[in-house]
Amino acid sequence: MFKRVLTKLKLKDNFSRYYLLVFTVIVLTVVIQTIIQYSLSKQRQASLIINEAGKQRMLSQVILNSVYSCKYGTCDYGKLRFALNKINNTHIVLQKGSSSTGIPVLDNESIQDNFNKLQPNLNYITASLDDFTMLNSVNIEELTIEVNQFLEVMDNIVFQFQKASEEDIKTLMIIEMELAVFSLLILILEIFLIINPSFKKITLQNQKLKEINWHQTHAFNSHMKNIKDFNHILKIEKNLSHKEELITCLMEELSDLEGVSNNMVKSLEKQA
């Protein structure tokens, strides 16, 4: 009874080890893939932000060129209105975020300070050009100064976005490296604590089977043949003294066969 309970506990322990190995591999795979996907998402997000911030610089130049054209050449009011709306909307989105474009709310105080510094320049540009009927009265020199200041601050903002993105990516790379090293250590430990003992157990089982096979094919079969031979001779032997000798030999063979059987049982009962 005790041996049965012990065997069940060993089987349960083996299954627990295998389940632990599979569970660990699954968890590590999920965690690593999650980190990788998060890193890729952050990179796409950073690229989008930097791209939108870069367009602000281009839009400021488009606005200035359009005003020059309106004062001294042919005016494209649609292009100018689009640029004004776009530069104002993007200015808000880069700070407040947008679920439709995937841009998050700005949480960098240093960049926010530059956006605050940029606001007066943008207010001047918007207020000066809001009424297209008054474009001829716009002071080009002052507008150029405001646009140049806007462009300079916007350059700093783009650089800050790039720097923040590089730092985030660097942090994620460090986390990925640490996680990879940790995963490698876990797998090495599992190889020594789970896989190697399993291989040893399989090797021992093979050895048991070889021993049993040897007993079966050599000793066991040999004794069984002798017993059959003695039994056949005993049936036809008429001399009583010879029969007694045959019975003695037969009993010896049975005793040896019992020993072979015990050796087979011992081979099965060897500890893993």
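To the nearest 0.05, what FRET efficiency results for C75 and I26 with a Förster distance of 51 Å applied to their C-beta separation? Let's see the in-between values first.
Numbers: r = 65 Å, r/R0 = 1.27.
Computed FRET efficiency for C75 and I26 comes out at 0.20.
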Can you give the FRET efficiency to the nearest 0.05 for N123 and N51, using r as the Cβ-Cβ distance and R₀ = 30 Å?
0.75
Classify the range 81-141 from the C-alpha gyration tensor, please: rounded if a/c falls under 1.5, else prolate or oblate depending on whether a/b exceeds b/c.
oblate
Report the full-extension gain for the segment I202 to I186: residue separation times 0.36 nm, less the Cα-Cα distance, to one decimal in nm.
3.5 nm
Between I35 and N221, what is 0.36 nm times their sequence separation minus the Cα-Cα distance? Round to one decimal in nm.
60.6 nm
Explain nothing, just compute: Karplus ³J(HN,Hα) = 6.51 cos²θ - 1.76 cosθ + 1.60, θ = phi - 60°, for every residue of the range 48-61 in order, whole Hz, x for Gly and Pro.
5, 5, 5, 5, 5, 5, x, 5, 4, 5, 5, 5, 5, 6
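Could you tally the net charge around S39, taking each other residue with its Cβ under 15 Å from the Cβ of S39, Lys/Arg +1 and Asp/Glu -1? Working shown, then result.
Details: positive: K42, R44, K170; negative: E166, E167, D168, E176, E178.
Local charge sum for S39: -2.
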So what J values fall out for the range 27-43 if you push phi through Karplus, 6.51 cos²θ - 1.76 cosθ + 1.60 with θ = phi - 60°, rounded to Hz, Gly and Pro as x?
4, 4, 5, 5, 5, 5, 5, 5, 4, 5, 5, 5, 4, 5, 5, 5, 5
So what is the accessible area of the range 24-96 per residue, in Å², with the probe set to 1.4 Å?
55
Ignoring ligands, DNA and RNA, what percent of the accessible area of the range 9-151 is carbon or sulfur (1.4 Å)?
58
Please report how far the C-alpha centroid of the range 65-85 lies from that of the range 26-49, rounded to the nearest whole angstrom.
43
Given H placed 1.01 Å from N in the peptide plane, which residues other than close sequence neighbours of L106 have an amide H under 5 Å from its amide H?
K96, G97
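The values are calculated or read from the model by the stated rules, or taken from the named source; none is laboratory data. Worth saying up front: this structure is predicted, and the values here are computed from it rather than measured. Cβ coordinates were reconstructed from backbone atoms using ideal geometry, including for glycine residues, and neighbour counts include every protein chain displayed. In case anyone asks, the SASA skips ligands and DNA or RNA and just uses the protein heavy atoms, side chains included. Shrake-Rupley method; radii C 1.70, N 1.55, O 1.52, S 1.80 Å.
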